[in-house]
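Some notes on the structure that comes next.
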Amino acid sequence: MPVTKYGIYLAYGPRIELRNEGLGRHLAEFLRASLRRDDVEFVIAAPSWMRDHLRDLMDGFGVSEGQYEILGPTQSSLSWSAFQTGTRVRKWLSRVRKKDDVKKGGLLLRIKFAGIRLVSRVTRYLMRTRNPLVFVATVILALSLLPFAALIYLLRNTVLKGVGRLRRSSTLRRMLGTTQPAKPRIFGLLGRMRHHLYQTMCDEEARLVAEMANRRDDISAWYCPTAFWPQFNLIEKPRLTCVPDVVFTGFPVGFATDEPAADQLFNNFRRIESIIDAGHAFVTYSKHVKQKTLVERFQVKGSSVHVVPHGANRLDELITVTGFADNRKASDALSAQYFWSATSKATNNWNGVRFSSGDLGFVFYASQFRPNKNVVTLLKAYRWLRREKLLRYKLILTGAWQADREVNRYLTENNLHDDVLCLRNLTERELAACYNRAVLAVNPSLSEGGMPFTFTEAVSVGTPVVMADIPVTKEILTDKVVHQKTVFNPESWTAMAEKIEWAIQHKDSLYKIQRAFYDEVLVNRTWDHVVADYIDILNDMAGKPFSYTPEIVERLNEAV
């Protein structure tokens, strides 16, 4: 049987850990299912730094390195090596320099933009070069300019200090209507420039991967699992872009809590807008996202958007063993072992392993911490249950609490670090064990691209679940009784708390009806069906003529 090759384009930055990304797990399930077919092969095009991340992700799903091909540079760019070294130096400096929380002056911003314009052409090439001579020569040139930069910095400091003395004058302060003197914040400027260079490095690597993809004439069409990378549209073959959702359009304030974040949010939105504008064909996980996001918000033709729902995410096979006198007892022991391993990864409690006691019950929510995930509302509901209703169960989360200011503040101000445990970088078996040993799984998310994995993951290992009542959930939970008993209003912490309390009190009956729906409906859609749907779409695209129009070329130049 002839084998057709299709490509999967990825361009995550080096700081992204795929095992913590829902899209990463979706990719692993997709690729594992594709290996069971003998008529297609998928080639993964990815930056050099993603090779280790991909290997770790696929190993967790039982896919060995020799079962898939990675297309892309094998050697890391020297710029990324320099960034890694710089990160280590920056961490050391952060421990010795004093904090400076004075706002930046306009002069620094003008210096920043002038510097970016001056070095942009050089850095674009530098970020992708593998030539040590070019890299070293550029670094030497930069170092030779440091004395001049230091001189400018000293002169600028002298001027600003003089301005500061004037502004500290009470008379002048009243005239200017200000109470704070202007002071420089050089580290803020350097941080912004460092972020710009990092983004340039990632963009150039993404462009290089697209160029390498264009050299592969044996690949009939390409698929990109998210709309993050404009460089995907540089591939001169039929392209299928997945748009899971554009969640920050619904939560702009939550995603941009300060000026730099707001700038980044706007840039991200413009990138996604340009990707969609110049896209060829699209796929999404739900009818709601197709209609509300792509058709109505971004004015995409409905005929070019395909809807492919998720398959059932089963975790039971990861913690189930056979061949013992008591298979159930042996499986429970295996689950306990993986749960102990998971709790040892606690990031907010050094003694988190004590949560692994077999007598300790807990509620479980597996998700990253993002504004649409509604974590603080869940914490409010849990705090009330714990303090007012004397709930004896703990709460286990899987997000990075240090990186989320709201979560961090709420946990600290309410002394919840002994009641709430945050785990990170769980393997698939550890995740399965957490679901299996939980009293209840919960998902309070306000917005998702498709039906959250929580339902099938929890029910597959014997745990009931309650979830937010959002449109994508209604599409899948079509049984009225199951839907009514499973969902709650995610905008009300009291409604969430009441639902959690009720579900714990009725967990056996709740699980019974959810398991029946899971067995009769959800488990019948496997990832083999998902892959088959994608291949049908790609086959159809590959069989049609494809070429760039002048309008598309112009859009691509603007986007990239």
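Brief remarks follow.
- Virtual spin-label span in nm between Ala149 and Ile513, 7 Å along Cα→Cβ: 6.5 nm
- Listed pairs Lys480/Lys512; Lys345/Lys380; Lys394/Lys499; Lys292/Lys544 exceeding 19 Å between Cα atoms: Lys345/Lys380; Lys292/Lys544
- Taking amide hydrogens as placed 1.01 Å from N in the peptide plane, the amide H of Leu240 sits under 5 Å from those of Trp222, Tyr223, Cys224, each at least 5 positions away in sequence or on another chain.
- The modelled label-to-label distance between Glu211 and Ala495, using points 7 Å beyond Cα along the C-beta direction, is 5.3 nm.
- Inter-part distance where the range 373-415 and the range 447-505 are each reduced to a Cα centre, Å: 19 Å
- Pairwise label distance in nanometres, Arg405 with Val139, each label 7 Å out on the Cα-Cβ vector: 3.5 nm
- For the range 401-560, relative contact order (Cα pairs under 8 Å, six or more residues apart, normalised by length) works out to 17 percent.
- With all protein chains kept in place, the per residue accessible area of the range 1-85 amounts to 39 square angstrom at a probe of 1.4 angstrom.
- For Glu317 and Ser64, a Förster radius of 30 Å and the Cβ-Cβ distance give a FRET efficiency of 0.95, rounded to the nearest 0.05.
- Accessible area per residue, Å², the range 388-494 with all protein chains present, probe 1.4 Å: 38 Å²
- At R0 = 41 Å, FRET efficiency that the Cβ-Cβ distance of Asp39 and Glu388 yields, to 0.05: 0.10
- R0 of 22 Å, Cβ-Cβ distance Phe269-Gln199: FRET efficiency to nearest 0.05: 0.90
- Student exercise, the range 367-425 dipole from Lys, Arg, Asp, Glu Cβ charges, in Debye to nearest 20: 140 debye
The values are calculated or read from the model by the stated rules, or taken from the named source; none is laboratory data. On a predicted model such as this, the values are computed, not experimentally measured, just so you know. A quick note on method: Cβ atoms are made from the backbone with ideal geometry, for glycine too, and the neighbour counts reach across all protein chains shown. These accessible areas exclude ligands, DNA and RNA; they are computed on the full protein's heavy atoms, side chains included. Shrake-Rupley method; radii C 1.70, N 1.55, O 1.52, S 1.80 Å.
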